[in-house]
Amino acid sequence: MTARNPRRLRGRAAPWLVLASIVALLVPALNASAAGTTTAAPSNILQDIVPAPVVVTANTAVSYQLNPGTVVFTSPAARPVGDYLAGLVRPATGFVVPVVSIPAIPEALPGISLLLQGADPSVGTEGYQLDVTARTVVIRANTAAGLFYGVQTLRQILPAKLADRTRQPGPWLVPGGHVLDFPRYGHRGAMLDVARHFMSVADVKRYIDEISLYKVNYLHLHLTDDQGWRLAINGWPRLTSFGGTTGEGGGPGGFYTQDQFRDIIAYAQAHFVTIVPEVDVPAHSDAALASYAQLNCDGVAPPLYTDIGTAPNDTLCVDKAITFQFLNDVIGQIAALTPGPYVDIGGDEVSTLTTDQYTAFLQHVQKIVVAHGKKLMGWAEALTATTPADSTGQFWIYDSTKAQVVAASQQGAQIVMSPCIFTYLDQKYAPNTPPDPLGLEWAGDINTQTAYGWDPTQVLAGVPDTAISGVEAPLWTDVVTTFAQVQQMTFPRLPAIAEIGWSTADSHDWTSFSQRLANQGPLWKSMGINYYQDPDVAWPAGS
Ligand code: TNX
């Protein structure tokens, strides 16, 4: 429409030009005066970044000071990232922080620039380059995602009190220097089990905010299990009106309408997080079986299950046509809701089917997933039955499935590494001494150093490096009931696993990591994150 109307085109172009020129004239004076009056050293140092960047070159002689005249300039396609950054900066500083989109920025303007041009080619599709001088903070990337990750770095090197929701005293100094950064793996995941204990839309969004800080880009939502079905499916209303009404321990449960789920997905997208929706079948399906008698082989619905562990008979009837009509509806609707590449079908812990039944079932389910335009993801067990080239499997347990995971990876399956002994966020940090700490212990105690102490390429001998998509830290909620507990189990272990997914293998070093991690403490305090003060980490006083 605008292309056919040159007058409108001219009319649209003018405001940014005018605004940019005014701002560019005004801001140097403000910046110069602010820089000139600053004597304080930044409270943070450039090296305090988690995950560790590829290159960090500090220039301690300079720092940039956010000031009342600071403007965020963005390439037009990066405007939402600029708005996001300004939204982070405004509450604690009280500054106006205008965001101005400019098609081509000839040289860095005074202030903060988020540019989709001029990045070092090595940054690829998710990396970024950050340069901080006394006059400018410039983040360059090839994609909006890269700029978003540059902004996460900026959040970490600004004073922690920037995260306060109320006005705080400055100065707001950004340490000077250069960062060049890009991820080791494309899949850096977290998982939240909203089936055992339901988590509200607001809680899921908050989780997205908090994991984003560590450049996590996949959030796997475990949407169904024996204890609850959490996503409304058109045509199958009892899944949620009955199957969603409770949870583990018999609590009130809950579920997302499809509109609420779209809202979560949009929020995740704005944070460059891809949702991986999981419907766990054929086992872990008591909530569905209790809701619809016809899904049971004997036509009798079992009661809702509210205990820990698995229900006595929680497996779908794999011999009935209606089971596959049901799955086609569920998978089709989930595929239509999600922009991400995967529908996760679980596939774990099946004890009542023969190998042939399990294989036939999963092959059928994989056809449904593919027919709806998605790739099948599942727990490692699924790889024993699916077509490897069309599957991503999540390695979690060191049992007999190991060999089949290795074989599938050699035949084209992608593997996400979630070895339970390192990544299971529902396990206790420390041994079971009174007062009983939160968490299970079947995979062992996992303190922060343990969560950090592994490498994806060393988990399973025989898995080609190229078959490893990345890592995921699952948080099961069998014993985790509140969002404060979700935070306590996630921090500081998730940042440890995020660093394994993002940073180079060469940079892996507990001493360096634990120092950088310690300096996240004040930031978490400002953000209201209820974290576990692991005694192996020297948290700054008061954090
Ligand atoms: C194993 S990991 C499970 C979950 C439990 C978890 C508790 C996996 C595929 N299954 O159903 O919640 O242990 O730690």
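Coordinate-derived values only; no laboratory data. Note that the coordinates shown come from a computational prediction; the quantities given were computed from them, not determined experimentally. Because the Cβ atoms are built from the backbone with ideal geometry, glycine has one as well, and the counts that use them run over all protein chains shown.
Observations
- When each of VAL480, VAL486 is tested for being among the β-branched types (Val, Ile, Thr), under 24 Å from MET527 (Cα atoms) and not in a loop (DSSP other than H, G, I, E, B), the lone residue that passes is VAL486.
- Looking across segment 310-357, the residues that are within 31 Å of the chain's Cα centre (by Cα), within 16 Å of the ligand (Cβ to nearest atom) and touching a residue at least 60 places away in the same chain (Cβ under 8 Å) come down to THR310, ALA311, ASP314, TYR342, ASP344, ILE345, GLY346, GLY347, ASP348, GLU349, VAL350.
- When segment 403-436 is limited to residues that are more than 15 Å from the ligand (Cβ to nearest atom) and hydroxyl-bearing (Ser, Thr, Tyr), the one that is farthest from GLU381 (Cα to Cα) turns out to be THR433.
- Some residue of segment 354-362 being touching a helix residue (DSSP H, G or I) at 6+ places or on another chain (Cβ under 9 Å) and within 23 Å of PHE261 (Cα to Cα): no
- Count of segment 461-477 residues which are away from the ligand (no atom under 16 Å from the Cβ) and either touching a helix residue (DSSP H, G or I) at 6+ places or on another chain (Cβ under 9 Å) or assigned to a helix (DSSP H, G or I) (or both): 9
- Once segment 489-543 is narrowed to residues that are within 21 Å of GLY127 (Cβ to Cβ) and of a type in the set (Phe, Trp, Tyr), the residue that is surrounded by the fewest Cβ atoms within 10 Å (Cβ to Cβ) is PHE513.
- Any hit, segment 437-444, residues being exposed (fewer than 15 other Cβ atoms within 10 Å of the Cβ), closer than 25 Å to VAL406 by Cβ and more than 16 Å from the ligand (Cβ to nearest atom): no
- Yes/no for PRO456 being loosely packed, with under 15 Cβ neighbours inside 10 Å and over 17 Å from the mean Cα position of the chain (by Cα): no
- With respect to the stated conditions, GLU381 fails to be touching a Ser or Thr at 6+ places or on another chain (Cβ under 7 Å), within 16 Å of the ligand (Cβ to nearest atom) and on the phi > 0 side of the Ramachandran plot.
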